[in-house]
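Beneath this line is the structure, given in structure tokens, with notes to follow.
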Amino acid sequence: MIIDKNLDNEFFDVPSLARQVHMSVSQLNRKLKIIINLPAGKLIQRFRMEHAAMLLVQSQDSVAQIACQVGFLNQAHFCRAFKRVYDSTPSCFRKRYCLVK
């Protein structure tokens with residue numbers, strides 16, 4: 001999927017996605033709202049956060065490395081975004097659900 005292939009690209013955003021699917025931003029958002037009840041920006045964020053959560057529990061990469069792998073160059077920004085979604089810091093989330101010791 002287009003979003004999966006661009007997770008690590010910090011510059012991948014809604015206009016980039018719209019270009020790749022050959023739609024305008026408003027057209028893309030309208031269609032996504034009808035199909036999944038989410039705008040494109042929230043969909044991209046959801047993919048990034050779900051992938052980050054998976055990496056936190058299945059790898060030993062640092063939080064900073066995982067932040068980069070999901071398109072965040074600023075670790076603090078990543079941690080704030082992660083906490084908004086999971087109500088937990090990445091480190092606490094890892095301690096709670098970690099599969100890799």
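Okay, here's what the table says:
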read-out: Any pair with Cβ under 9 angstrom, 6 or more apart, that starts in region 7-35 at a residue that is more than 24 Å from Phe78 (Cβ to Cβ) and ends at one that is among the acidic types (Asp, Glu) and loosely packed, with under 13 Cβ neighbours inside 10 Å; value: none
read-out: The listed residue being more than 29 Å from Arg94 (Cα to Cα), of a type in the set (A, V, I, L, M) and more than 12 Å from the chain's Cα centre (by Cα), out of Val63, Val25; value: Val25
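Each row is one residue, and each column tells you yes or no for (1) part of a loop (DSSP other than H, G, I, E, B); (2) under 30 Å from Cys98 (Cβ atoms).
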position: Ile3; (1), (2): no, yes
position: Asn9; (1), (2): yes, yes
position: Ala18; (1), (2): no, no
position: His22; (1), (2): yes, no
position: Lys31; (1), (2): no, no
position: Gln45; (1), (2): no, yes
position: Met49; (1), (2): no, yes
position: Gln60; (1), (2): yes, yes
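Taken together, the values in this text are just the output of simple stated rules run on the coordinates, not laboratory data. This structure is a prediction, so every number in the text was calculated from the model and none was measured. Note: ideal-geometry Cβ built from the backbone for every residue, glycine included; neighbour counts use all protein chains shown.
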